[in-house]
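The values are calculated or read from the model by the stated rules, or taken from the named source; none is laboratory data. What you are looking at is a predicted structure, and each value in this text was computed from that prediction instead of being measured. Every residue, glycine among them, receives a Cβ derived from its backbone with ideal geometry; neighbour counts consider all protein chains shown. For accessibility, only protein heavy atoms count, side chains too; no ligands or nucleic acids. Shrake-Rupley method; radii C 1.70, N 1.55, O 1.52, S 1.80 Å.
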Amino acid sequence: MSEASPEVSGADRARARPVGVREVASRAGVSRQTVSRVLNDHPDVADETKQRVLDAMRELGYRMNNAARALGTNRSRTIGVLASDALQYGPSRSIAAVEQAARAAGYWVSAVFAESDDPGQVAAAVQHLQAQSVEGLVVVAPTRGALEMIESLDAGIPIVTLHSAGHEPNSFSVDQVAGARLAVACLADAGHRRIAHLAGPSNWLEAESRAAGFVAELAARGLETGPRFAGDWTARSGADAAGAVLASGVTAVFVANDQMALGLLSGLREAGIDVPAAMSVVGFDDVPDAAYYSPPLTTVRQDFEELARRAVHALIGAAEGADEVPREPLVPELMVRRSVAAPPR
């Protein structure tokens, strides 16, 4: 004989029902219209009244329904993200940081992905976001094709770009040239005079800027431009480059990202080369694992969180008339670890 299910009281059912505007208004001692004004950031609400409403929301566990609020304000409070490459560390970290910054500001994020060399995909992605009434668009544009994609957009909303290396007027970027110069300066200051560069793909704007910084810092120090080797951002390409690096006779390598640096360290170790005693290596990005490479990798850190915060606030500012956000490139930071030493005598 099965046990009878316990009865659910009216009080229990009431507790299970989501808290609504009516309950918040009753707790705060205001009208439902006043609660609605607070939800919609209406300016004609006294500070003391607004605080009572916010306190009531917190006490009751009220959860704001963004979709319902959009119906009342004709605003979606949603930011779109259009990405052409989310597999690499920089773009993927930036997309996550955009979502965090938007959520902290009370906005949603809707992300879509499209190949930058496929106009049909790009158009469909933009239309998908427009159908959601996004109020602004963050375009992750690491390649030349992605940058050209932006120029072809007619979204009718504010647009900013990330990872376009400052090549686009509404871009938010880290100074890639300055970061590369920090890396090369670190090697030169350690006494290295024959320095190579393991570069990223030539169609990536940041790879191009890092290569330019490599050349500029060597020229500023009166050093001959060392050999450059092509990589594709992967650890495998770094490992594959180890033989050519050794054959070139250099004593140090500036690697355009940490994943390739990891591969290069592995390839050098397989060849019996000690890092940093026989070869020094500097990477770029400061991925979370860089401090645990063998040896711990000296690298250049980019502040992806601040980059995303600025981009999101710029879009929100365009929608709400907020203060202008600084547009100058962020200055990267050199993280000194144990992969650099004086050249062998």
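Points worth noting:
- The chain - percent of accessible surface contributed by carbon and sulfur, probe 1.4 Å: 49 percent
- Antiparallel DSSP beta bridges within the chain, as percent of all bridges there, nearest 5: 10 percent
- What you get for the stretch 83-204, charging only the Cβ of Lys and Arg (+1) and of Asp and Glu (-1), is a dipole of about 600 debye around the Cα centre.
- Think of a 1.4 Å ball rolled over the protein heavy atoms: the chain then has 50 Å² of accessible area per residue.
- Subtracting the Cα-Cα distance of THR225 and LEU87 from their residue separation scaled by 0.36 nm leaves 46.6 nm.
- Spacing of the two label points (7 Å from each Cα toward its C-beta) at ALA96 and GLU48, in nm: 4.6 nm
- Its alpha carbons give the stretch 95-218 an Rg and a Dmax of 17.6, 58 Å.
- Highest-fluctuation residue, PRO91, PRO158, PRO119 considered, GNM on the chain with Cα pairs under 10 Å: PRO119
- Cα→Cβ-extended label distance, 7 Å offset, between ASP274 and GLU115, nm: 4.9 nm
- GluC sites (Glu not before Pro) restricted to the stretch 258-345 and DSSP loop, no more than 16 other C-beta within 10 Å: GLU324
- Solvent exposure, largest accessible area first (probe 1.4 Å, DNA, RNA and ligands not counted), of TYR293, TYR89: TYR89, TYR293
- Stokes-Einstein D in µm²/s, Kirkwood radius over Cα pairs - the chain at 10 °C with 1.306 mPa s viscosity: 69 µm²/s
- Formal net charge of residues neighbouring ALA185 (Cβ-Cβ distance under 9 Å; K, R +1; D, E -1): 0
- At 1.002 mPa s and 20 °C, Stokes D of the stretch 274-345 from Kirkwood alpha-carbon radius, µm² per second: 148 µm²/s
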